[in-house]
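The values are calculated or read from the model by the stated rules, or taken from the named source; none is laboratory data. All values reported here derive from a predicted model rather than from experimental measurement. Cβ placement follows ideal geometry from the backbone for every residue including glycine, while neighbour counts extend to all protein chains displayed.
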Amino acid sequence: MMTGQRSDKQRVRIHVTSRQQHECVELRVEGDLYYKGNSMYIRYIEPAPEEEQTKQQSGSSQHATLLPDTTVMLKLSAEEWKLSRRGHVQSEMSFAKERSLQGAYRSEVLRFPLVTRTRRMERKDVPIRLSDGSETLFPSYIGWSYDLYIEEKCTGQFEIEMRLELAHEN
């Protein structure tokens, strides 16, 4: 059985659940999963929030600008995970259990460093058979929780869960 050292992309369906205090946001998208070196990558496009689009348009209908979608990349290595977002805002956050790691947030009007303190990291792999008959481990669940610090002040506690399944193309 292979242990995930595949270079080809696999199309996946991703169900993302993000919780902060009493707020829960869910997203269902398709994306790509691939391996490079000893790391696994999950990449998907997160649509711009509709309410933000509405705010942008209602300000001045003559100059309505649509916010771009956000490209999300999650890199999973053995000890450290990195989440990058590229769109109308750009951010990088890294996660390693019981460690504080530096990150950054940038938009047109704001730029500041941030720190994540990861409390939990969990990944569940299941064996799957690929179309070529080979077997590999597939990440069916990825979850982590962390505290976010800006200027040494905790601004929130977050919990992220991703459930993945292979997308079968017709």
*Taking the stated definitions as given, is His168 closer than 24 Å to Asp32 by Cβ, loosely packed, with under 12 Cβ neighbours inside 10 Å and without any contact (Cβ under 8 Å) to a residue 60 or more places away in the chain?*
yes
*Residue pairs meeting the criteria (Cβ under 7 Å; at least 6 apart or on separate chains; first small (Gly, Ala, Ser), in the range 12-24; second loosely packed, with under 15 Cβ neighbours inside 10 Å and assigned to a strand (DSSP E or B))*: Ser18/Val25
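So that you can scan it fast, the table gives a plain yes or no per residue for (1) modelled with pLDDT of 95 or more; (2) on the phi > 0 side of the Ramachandran plot; (3) touching an Asp or Glu at 6+ places or on another chain (Cβ under 7 Å):
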position: Thr3; (1), (2), (3): no, no, no
position: Lys9; (1), (2), (3): no, no, yes
position: Pro49; (1), (2), (3): no, no, no
position: Glu52; (1), (2), (3): no, no, no
position: Thr65; (1), (2), (3): no, no, no
position: Glu80; (1), (2), (3): yes, no, no
position: Leu83; (1), (2), (3): yes, no, no
position: Ser100; (1), (2), (3): yes, no, no
*Which residue pairs have Cβ atoms closer than 7 Å, lie 6 or more positions apart in sequence or on different chains, and pair a first residue in the range 27-40 that is basic (Lys, Arg) and modelled with pLDDT of 95 or more with a second residue that is surrounded by fewer than 19 Cβ atoms within 10 Å (Cβ to Cβ) and in a strand (DSSP E or B)?*
Arg28/His15
*Is it fair to say Asp69 is exposed (fewer than 15 other Cβ atoms within 10 Å of the Cβ) and either under 21 Å from Arg28 (Cα atoms) or of a type in the set (Asp, Glu) (or both)?*
yes
_Selection count, the range 121-148, where residues are at pLDDT 85 or above and more than 19 Å from Leu164 (Cα to Cα)_ = 3
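Return the residues of the range 140-160 that are surrounded by 13 or more Cβ atoms within 10 Å (Cβ to Cβ) and more than 14 Å from the chain's Cα centre (by Cα); say none if nothing qualifies.
Applying the first criterion (surrounded by 13 or more Cβ atoms within 10 Å (Cβ to Cβ)) to the range 140-160 yields 140-150, 157-160.
Ser140, Asp147, Leu148, Tyr149, Ile150, Gln157, listed by residue number.
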*Restricting attention to the range 121-137, which residues are of a type in the set (Asp, Glu), assigned to a strand (DSSP E or B) and more than 17 Å from the chain's Cα centre (by Cα)?*
Asp125, Glu135
